[in-house]
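*Asks:* Let me give you the structure first, and then I'll get to my questions.
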Amino acid sequence: MRAKKSPSLLSSTGIIRLMTHALMGAALGLAFGLALILSNPAVGNLLSHGGRSAAVVFVVTLVTTFAIGATLTGIVFMIAEDKEF
């Protein structure tokens, strides 16, 4: 009897799993940004003097970077699950 295979990347379940990885990465990016601002007063000072646009760029850069990294890691995990030895 063959074991059930996990869904591929292109199925609806696979895309939902990748979206959850991306959302987890975005949440980690926000948490990292908050921790960085709280632990390093110089960053908070730069953001306060840079205005609203500096804060938006800071947050978007961190969230996007972490979300992309988590999504790529999720792809690697899903491919590794498909090829269990």
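*Asks:* It is to be established whether one or more residues within region 63-77 are in a helix (DSSP H, G or I) and over 30 Å from S8 (Cβ atoms).
*Replies:* no
*Asks:* Mind listing whichever residues of region 59-80 are aromatic (F, W, Y) and modelled with pLDDT under 95?
*Replies:* F77
*Asks:* I'd like to check something: does region 26-43 contain any residue that is part of a helix (DSSP H, G or I), touching a Ser or Thr at 6+ places or on another chain (Cβ under 8 Å) and either within 14 Å of I75 (Cα to Cα) or not hydrophobic (A, V, I, L, M, F, W, C) (or both)?
*Replies:* Yes, that holds for at least one residue.
Residues checked against (1) open to solvent by 80 Å² or more (accessible area, probe 1.4 Å); (2) over 13 Å from the mean Cα position of the chain (by Cα); (3) not hydroxyl-bearing (S, T, Y):
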site	(1), (2), (3)
G25	no, no, yes
L34	yes, yes, yes
V43	no, yes, yes
R52	yes, yes, yes
V56	no, yes, yes
V59	no, no, yes
T65	yes, no, no
M78	no, yes, yes
D82	no, yes, yes
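*Asks:* Give the residues of region 6-23 that are open to solvent by 60 Å² or more (accessible area, probe 1.4 Å), more than 21 Å from A55 (Cα to Cα), among the hydrophobic types (A, V, I, L, M, F, W, C) and assigned to a helix (DSSP H, G or I), sorted by residue number.
*Replies:* Within region 6-23, I15, I16, M19 meet the criteria.
The values are calculated or read from the model by the stated rules, or taken from the named source; none is laboratory data. Predicted model only: the values in this text are computed from it and were never measured. Glycine gets a Cβ as well: all are built from the backbone with ideal geometry, and neighbour counts include every protein chain shown. Note: areas computed on protein heavy atoms with side chains; ligands, DNA, RNA excluded. Shrake-Rupley method; radii C 1.70, N 1.55, O 1.52, S 1.80 Å.
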